[in-house]
Amino acid sequence: MKKSSDGLEHNKNSKDEQLEQYRVNNYGEKMTTNQALKVSNDEFSLKAGVRGPTLMEDFHFREKVTHFDHERIPERVVHARGYAAHGEFELYKSMKDYTKAGFLQVPGTKTPIFTRFSNVVGSKGSADTVRDVKGFATKFYTDEGNYDLVGNNIPIFFIQDGIKFPDLIHAVKPEPHNEIPQASSAHDTFWDFVVSNQESAHMIMWLMSDRAIAKNFRVIDGFGVHTFRFVNAEGIAHFVKFHWKPKLGVHSLVWDEAQKISGKDPDFQRRDLWESIEKGHFPEWEFGVQMIEEKDEFMFDFDILDATKIWPEEIVPVQIFGKLTLNRNVDNVFAETEQVAFHPGNVVPGIDFTNDPLLQGRLFSYLDTQLIRLGGPNFAEIPINRPVCPFHNNQRDGFSRQRIDIGEVAYHNNTLANNTPSTSTAAEGGYVHYAEKVEGKVIQARSDSFKDHFSQARLFWNSMSVPEKQHIIDAFTFEVGKVNSKDIRQRVVDMFVEVDKEMATIIAVNVGVKRPSGEQVPVTNSSPALSQENTIKTPQTLTVGVLIGNGFKGAEVLATLRTLMNAGVIVKIVSEKLGTIRSSDNYQVAVEETFLTTSPVLFDALYIVGGNSENEAKFESDITYFINESFKHYKPIGVATTGQKFFKASNAKEGPGIVIDSSTSDFGNTFVKAIAKQRFWTRDIY
């Protein structure tokens, strides 16, 4: 048993037990070299006299500095900025009718996992809250080997064929002549790529939506993006798409808020994940698939192998069959989060590939990139990448080989070792590729079924609520407004008129180009599952900043705080200085943050208590600033009886999401309901 941060004991899983042998605690130990020689001095290099030159024979100095010089490995070209945690996947119901994957057979089976979230575009040092796609990669340590589901928080992608991936990334990365802008798609080369490669239209609609400015990792969807296959023990296959659905719902920042958080706390999302797990607020996602029988492959008005298309959930429902829980933070970010090597080609029997041309490209690219990042072919021996089941083969040598393989034989077939390690039949668990019939001429081309680039982009637009549509227009206006080339700005609106004419016309006016003359595609249907307005809304784990000073009404405030915490809300006490404040009825409260050390953009809601201060003018100014910022970001605001004068001094107005203690007989519960809703888009903020 192992005690975790929540103070409870949990059974170790098999991956945790395996990692235990690699963990080292240096506390209380004597310093040594990497060869275990005890070190007598770590302050001064070995010199010829106290003021003389350093000697080459100082092996400790050379080892220490050489290691330091080589501490950095190449960061990922994409997904460089990431954060990860350990957890487990629990199977709700057996999927044996559809797949022979061992970890999906027996309900209640728990499989150790490691999940890494990431931004796609920015470097390792960029901010968390930039507008970007979020990576969502999970490594399942199954008894049949590692299975990697390497996806994103958006169900589609920019391109249809893997050969275009280098072009996409070259276009979206900082422009090479000046290495600007970092972690942003708001520049000429990206939008030139978009208008020159119109297969990206659907993905751009998602990228300009709220989905691209997620509130935190705990409230994002996860998608496998590609079409895969489930194959059962009888060899019957189904096409599948994988889904992770967060139990807290899908929630986003607003753009102004996201930009300010990047400056106030560039580690906002990774800090949220770390602190949530440390507090025992374990993030959870339900896992499921959409499934299509092979006989129905061609029955839709889109190609199911096209990675720029969704399968609308109203047509192909998601079948939920398990749950992912993240319950342990890493011990060392470099050793685990940075060295973990994901690869969509890491599969187990019962999960197979399709002819999706983007997936086919990834099956080569991911393995290739690990070879340069992690120093050669032995990256699978790094502890975080090791399967929990034994592995045996005839691979030998290479950089950083850790295995000590015994014996004289390293080839197959052989007689000296009785032809071992030997292969396995399908019945013994050997991986057998699905016997798909393939025929046709060798050709460089794309199927005509991939050529419709705008119908689903239009479907996405039709599915958005009024506020979400406005956010998309604002995002286009910002991004395209950063493009220097007027010709590219014009081509953008001429392209997206096919999605919606009114939208494109407004954008054209905003970015200073001619109104588009084209027409939108004739698609009228929508998919309610695509709108975040229809997501789960709960107060659990949301954070309320309590703005407070001395002289507050203790009984009133503490009763409200108890109601909030009983509903799963996290409260943080904010005042002018750290220490303790006292109520008029002699209650004491410890201050956790000051107006200087935190910011209104870091809270989901505010509770305005007020009180007294040594500097009343500054105290009022700080509180009204917090109110004004939260009000214009559509957040709920609760006002205690002693806080009403501060609310009246602000620019905020009574209305949706404003809960005032004297105006309701059940202030605490009414405030909780407002917190759960999170945003009040009908609020007049101007």
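Residue ranking by accessible heavy-atom surface, 1.4 Å probe, largest first, among 441, 653, 215 comes out as 441, 653, 215. In the range 490-549, the portion of solvent-accessible area held by carbon and sulfur atoms comes to 48 percent [1.4 Å probe, whole percent, DNA, RNA and ligands not counted]. Dividing the helix sum by the residues of the chain, where each DSSP H run of 4 or more adds -39500 (n - 2.57), gives a mean residue ellipticity at 222 nm of -7500 deg cm²/dmol.
Normalised by the number of residues in the chain, the average gap of Cα pairs under 8 Å and 6 or more apart makes the relative contact order 12 percent. Where [x] 72, 65, 51; [y] 112, 58, 49; [z] 89, 79, 57 are the candidate values, the label of the one calculated here for Cα extents along the principal axes in Å is [z]. In a simple Cβ point-charge model (Lys, Arg +1; Asp, Glu -1; nothing else charged), the range 277-406 has a dipole of about 820 debye relative to its Cα centre. Averaging the Cα positions of each part gives two centres, and for the range 243-274 and the range 166-231 these lie 18 Å apart.
Extending 7 Å from the Cα toward the beta-carbon at both residue 580 and residue 124 defines two label points whose distance is 4.5 nm. Heavy-atom accessible area, probed at 1.4 angstrom with all protein chains present, ranks 187, 412 as 412, 187, highest first.
Between residue 501 and residue 401, the modelled labels are 6.9 nm apart [label points 7 Å from Cα along Cα→Cβ]. Charge dipole (Cα centre; +1 on Lys/Arg Cβ, -1 on Asp/Glu Cβ; no other charges) of the range 112-195 amounts to roughly 220 debye.
Between the C-alpha center of the range 90-122 and that of the range 610-647 there is a gap of 47 Å. Length available on full extension from residue 12 to residue 106: 0.36 nm per residue minus the Cα-Cα distance, which gives 31.8 nm. For the residue pairs 30/124; 134/260; 124/673; 12/124; 279/673, the alpha carbons lie more than 29 Å apart in 30/124; 124/673; 12/124.
Surface composition of the range 560-628: carbon plus sulfur atoms contribute 47% of the solvent-accessible area (1.4 Å probe, protein chains only, all chains present). Once the chain from residue 293 to residue 90 is taken as fully extended at 0.36 nm per residue, the excess over their C-alpha distance is 70.5 nm.
Here the range 209-351 has 51 percent of its accessible surface on carbon and sulfur atoms, given a 1.4 Å probe and all protein chains in place. For q values of 0.16, 0.24 Å⁻¹, compute log₁₀ I(q)/I(0) with the Debye formula on a Cα-only model of the range 507-562, without solvent. Log-scaled intensity ratios, in q order: -0.80, -1.05. Provide the FRET efficiency to the nearest 0.05 for the residue 435-residue 55 pair, computing r from the beta carbons and using R0 = 45 Å. So, using R0 = 45 Å, E works out to roughly 0.10. Note on the range 59-78 and the range 378-425: Cα centroid distance 29 Å, given to the nearest whole angstrom. When the residues 226, 177 are ordered by accessible surface, computed with a 1.4 Å probe over the protein chains alone, the sequence from largest down reads 177, 226.
Entry note, the range 375-463: relative contact order of 18 percent, from Cα contacts under 8 Å with a spacing of 6+ residues.
Using C-alpha pairs under 8 Å with a sequence gap of at least 6, the mean separation divided by the residue count of the range 350-423 gives a relative contact order of 22 percent.
Using Cβ point charges alone (K and R +1, D and E -1), the dipole size of the chain about the Cα centre works out to roughly 980 debye.
Calculate the FRET efficiency for residue 427 and residue 372 from the Cβ-Cβ distance with a Förster distance of 51 Å, rounded to the nearest 0.05.
0.85
Solvent exposure of residue 278, expressed as accessible area, is near 70 Å², computed with a probe of 1.4 Å over the protein chains only. The alpha-carbon of residue 164 sits under 16 angstrom from the alpha-carbons of these aspartates and glutamates, leaving out residues fewer than 8 places away in its chain: 192, 199, 306, 356.
By how many nm would the segment from residue 653 to residue 65 lengthen if fully extended, with 0.36 nm per residue of separation less the alpha-carbon distance?
205.6 nm
A 1.4 Å probe, protein heavy atoms only, puts the accessible area of residue 64 near 110 Å².
Per residue, the accessible area of the chain comes to 47 Å² when a 1.4 Å probe rolls over the protein heavy atoms. The modelled label-to-label distance between residue 256 and residue 466, using points 7 Å beyond Cα along the C-beta direction, is 1.9 nm. The calculated FRET efficiency for residue 536 paired with residue 315, based on their beta-carbon distance and R0 = 25 Å, is about 0.70.
Residue 386 contributes about 40 Å² of solvent-accessible surface, heavy atoms of the protein only, 1.4 Å probe.
The values are calculated or read from the model by the stated rules, or taken from the named source; none is laboratory data. Here the structure is a predicted model, which means the values were calculated and not measured. Note that each Cβ is placed from the backbone with ideal geometry, even for glycine, and that neighbours are counted across all protein chains shown. Just the protein is used for accessible areas: all its heavy atoms, side chains included, with ligands, DNA and RNA removed. Shrake-Rupley method; radii C 1.70, N 1.55, O 1.52, S 1.80 Å.
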